[in-house]
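**Student:** This is the structure I have questions about; it appears just below.
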Amino acid sequence: MKTYGNYDKYFYFRTVTDEDNDDDFDASLIIPVGNITGLEPYSGISNIRLWFEGGQGRANAFDFYPYDRAANLNSYVDLAVTRGKIKEVMEELVSAMNAGPHHDGVIVVRDEVTTDYDGSVRSAVTLSNDITAVSNIVNN
């Protein structure tokens, strides 16, 4: 993975629709793109699993420096995608991983929040119109 200056790139995911409910490891996740170990279609033609080296269970859950790679290769994020669009979404994810620098390095893959902390309403944010949901986050 390339780094740009002092910034690495990160993928961000959030499963909840109300920001007030973003309160645990299963609700949202940000991972360094360099920790991604693979992408695969799974469970039919409308799901992608993004595998990464996990950070939970360490002294600091946000410390992604590997201390035991073999024990932490089973973390993943499941993305629901438009039926038949797996290849296109995988290409968009890889393109985002390899793209040039961003203002802060954070790439929102999918943020399901439609109700902000103050009750205001907004649209969900997605990297691709064909990513329809973050269906599962497992950070081992």
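Nothing in this text is a laboratory measurement; each read-out follows from the coordinates by a stated rule. Please read these numbers as outputs of a predicted model, since none were measured by experiment. Reconstructed Cβ throughout: ideal geometry from the backbone, glycine too, with neighbour counts over all protein chains shown.
**Student:** If a residue must be touching a residue at least 12 places away in the same chain (Cβ under 8 Å) and in a strand (DSSP E or B), how many such residues does the stretch 115-140 contain?
**Tutor:** The total comes to 11.
**Student:** Continuing with the same structure: Which ones in the stretch 104-114 are part of a loop (DSSP other than H, G, I, E, B) and either surrounded by 15 or more Cβ atoms within 10 Å (Cβ to Cβ) or touching a helix residue (DSSP H, G or I) at 6+ places or on another chain (Cβ under 9 Å) (or both)?
**Tutor:** Passing the criteria: GLY105, GLU112, VAL113, THR114.
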